Ligand code: ADP
Ligand code: MG
C-alpha cells in the first residue's frame, strides 16, 4: 500500500489557513509526531539535540514508498485529503501538506523510510525547495525516521527569538505528553542529547498515561468515562456524518488529587490538544466547592467530533479551534463530569487507596478492633442506580462505619451532613420570617449591605440597634441564630453564605446517632452530586476496599479450613 502523496488543487490551498508554523523545537516535534500518528505508529522515538539544532523522530508506522518520498516535501503535497469535500471529513491530524516542505526550507531534512509493503527502504535528502536531492537504498525496519538538522541555520532572527533552552525543552515535553494522553496506545521514548530523557508506556486509555506524567497521581485516584454523544441537530437525510460524536473523560477524584495551578484541565479534540477557554472554564466550574481553597482540578477531556462541528482554520498551528454548537457540547461534558463525581457502583469494584490503606491499617493494628462481623461480599453490581450501603456502627461519635459490596467506608458524620445540607441550600435557598426578630447591635454599613445582598430584611430598631426579620430556614430554628446571622453579615457571596449555613447546621462531631439516623444520613449523602468532599474540599470518607483488606490479612495464604478461610 502506498500513501499516494499528491499536490492539493489551488482552490483547496486557498481555503486552508495559510502560513508556515514552525517556530520552535516543539513545533518541529509536533509536526513530525502528527505525521507518525497519522501513519498509524504505535512506537515513536524522539531525539532532541539542541547543540546540533537537531530533532529526530522515528516511528513504526506504515512508511513511504519511493514515489511518495519524492513528493513528501513538495509544497502542499499530502496523502490525507484530495479535494474541497475532504476538508469536511478530515480524519487525520495533518492535511495541509506544508510541514515537510517548511522543514526542508528551514533546516537540513533527511527521511529514511520503508513502507510495510515494499521490498526495500530508502534514504532521501531534500533541497530547500523540497526536492529529493540524494536518493539511496537503505536497510531499516518498516517505518520512518525523519531527521531535521541545523534548524533555522539560515534564519538567524528566528534562532534569536527562541525562548530559553530550558523553556524550549519544557515545551517539547508538554507537546509529547499531550499527544500521549490523546493517543494512549503509543509508546514514547524520548532522548535529549542522545541520552534517555523520559519514556511513556502505552496503555489502553489515558488513565494509564496520566499517572506517568503526574507522579503523585495513581490510577485509582482517577475516574474515567466514555460516552456516545447526541448530535446537536439531528442530521438531515443524506448528510449523516461518518463520525458519530463521543467523548472520553478522565477526572481526578477531588478527595484524592488537585493542583496548585489551573494547569491540568486539558481538552483535546480529534486527537490533538486544543485551547477552548470557555469549555475549560465550564469544566473547572463543575468542581466548584469540591476542592480546597485555591486548588484546581485534574481533568482531561477528549472529544471525538464530526468534522463539520469544528473549524480548524482559526489558527495555523491548529491549537485554537472554533467549535460549532459549543453550548451543546459543553452540556454533555458537564453531565459526564457529574457522572464521574457521583458515587457509582463501578467505582467500588476498583481497589482504591491500596497503598494508603495499607499504612492506615498498619497504624490501626495496635489499636482496638471494632468487632465488625465478617460476611462474604458479592461484587458490586455495575449499573444499579444507587449503592447498597449499610450503616453498621458509630465510631467515636464521629465516624459512621458503612458496609458496601466491595468493602467498608469510614464516613465523617459532620462533613457528610455538611455536604448534604450545602447541596440542599444551593437547590433551595429559603428565607423565613423571624418571629420575634433577632436584635443585633451595632452593624457596620458593610454588614448591612451584605444582608441586603443576601436578600435578608433588616430594619433600624433604635440607637445602634437593628432588627433582622428573616433568616435562612435552617438557621431560623437554631439557638445560635444570632451568631449565625453575624457570621453571614461578615462577607462573602451567596455561595459562601450557603457554605457557612451548612457548616453551622450540620451534625457536630461528638453527637451520638442511632442506627436509623445514620442510615438516613448515609442515604442522603450518597445521592449528593459531589459526595467525595465537603464544600471546603475536605475528604468525606476513607475507603477500606475488600481487596486491600484481603491483602492485608494475607487471605491468599491458604493454611487450612480450621483457620476459617
Ligand atoms: P500533511 O501531514 O499535512 O499531509 P506533511 O508535509 O506533514 O503534510 O507530510 C506530507 C506527507 O508525507 C503526508 O501526507 C504523508 O503522506 C507523508 N508522511 C510524512 N511523514 C510520514 C511518516 N512519518 N510516515 C508515513 N508517511 C509520512
Ligand atoms: Mg503533517
How many residues does the range 119-146 contain that are buried (at least 17 other Cβ atoms within 10 Å of the Cβ) and in contact with a helix residue (DSSP H, G or I) (Cβ under 8 Å, 6 or more places away or on another chain)?
-> 7
Considering the range 509-542 alone, what residues qualify as being on the phi > 0 side of the Ramachandran plot and over 28 Å from the mean Cα position of the chain (by Cα)?
-> 510
Mind checking which residues of the range 62-72 are within 7 Å of ligand 1 (Cβ to nearest atom) and within 13 Å of residue 7 (Cα to Cα)?
-> 68, 72
First in the range 48-59 and at positive phi, second anywhere and surrounded by fewer than 16 Cβ atoms within 10 Å (Cβ to Cβ), Cβ under 7 Å, 6 or more apart | 53/149; 53/150; 53/153
Filter the range 175-215 for residues that are part of a loop (DSSP other than H, G, I, E, B) and touching a strand residue (DSSP E or B) at 6+ places or on another chain (Cβ under 8 Å) and give the result.
-> 186, 193, 194, 201, 202, 205
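Counting only residues that are buried (at least 20 other Cβ atoms within 10 Å of the Cβ) and at pLDDT 95 or above, give me the strands (runs of 3 or more DSSP E) lying completely in the range 248-314 with at least 3 of them.
Values: elements: 265-269, 272-274, 299-304.
Passing ranges, in order: 265-269, 299-304.
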Among the residues of the range 315-333, the number that are in contact with a strand residue (DSSP E or B) (Cβ under 9 Å, 6 or more places away or on another chain), modelled with pLDDT of 90 or more and not in a helix (DSSP H, G or I) is 2
Helices (runs of 4 or more DSSP H) fully within the range 1-72 counting 1 or more residues that are under 22 Å from residue 106 (Cα atoms) and modelled with pLDDT of 95 or more | 25-38, 66-71
Would you mind stating whether residue 76 is in contact (Cβ under 8 Å) with a residue 24 or more places away in the chain and closer than 18 Å to residue 143 by Cα?
-> no
Within the range 32-53, considering residues that are more than 16 Å from ligand 2 (Cβ to nearest atom) and closer than 19 Å to residue 202 by Cβ, the one surrounded by the most Cβ atoms within 10 Å (Cβ to Cβ) = 45
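Just to confirm my filter: which strands (runs of 3 or more DSSP E) fall fully inside the range 401-500 and include at least 2 residues that are more than 24 Å from residue 516 (Cα to Cα) and in contact with a helix residue (DSSP H, G or I) (Cβ under 9 Å, 6 or more places away or on another chain)? Before you say what the answer is, go through the steps one by one.
Details: elements: 407-412, 431-440, 458-460, 466-472.
In the range 401-500, the matching strands (runs of 3 or more DSSP E) lie at 431-440, 466-472.
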Residue 9 passes all but one of (1) more than 12 Å from ligand 1 (Cβ to nearest atom); (2) within 31 Å of the chain's Cα centre (by Cα); which number fails?
-> (2)
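Any residue in the range 187-195 that is without any contact (Cβ under 8 Å) to a residue 40 or more places away in the chain and within 23 Å of residue 274 (Cα to Cα)?
First, pick out the residues of the range 187-195 that are without any contact (Cβ under 8 Å) to a residue 40 or more places away in the chain: 195.
Those left that are additionally within 23 Å of residue 274 (Cα to Cα): none.
No, the conditions are met nowhere in the range 187-195.
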Residue list for the range 83-125, filter: more than 15 Å from ligand 2 (Cβ to nearest atom), closer than 21 Å to residue 66 by Cβ, touching a residue at least 24 places away in the same chain (Cβ under 8 Å) and outside any loop (DSSP other than H, G, I, E, B) | 108, 110, 112, 114, 121, 122, 124
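Considering only residues that are buried (at least 22 other Cβ atoms within 10 Å of the Cβ) and within 7 Å of ligand 1 (Cβ to nearest atom), which ones fall in the range 74-92? Give the steps one after another, and end with the answer.
Here is the first cut: in the range 74-92, the residues buried (at least 22 other Cβ atoms within 10 Å of the Cβ) are 78, 81.
78 - this is the single residue of the range 74-92 that is buried (at least 22 other Cβ atoms within 10 Å of the Cβ) and within 7 Å of ligand 1 (Cβ to nearest atom).
The values are calculated or read from the model by the stated rules, or taken from the named source; none is laboratory data. Quick caveat: nothing in here was measured; it's all calculated off a predicted structure. Counting neighbours? That spans all protein chains shown, and the Cβs are built from the backbone with ideal geometry, glycine included.
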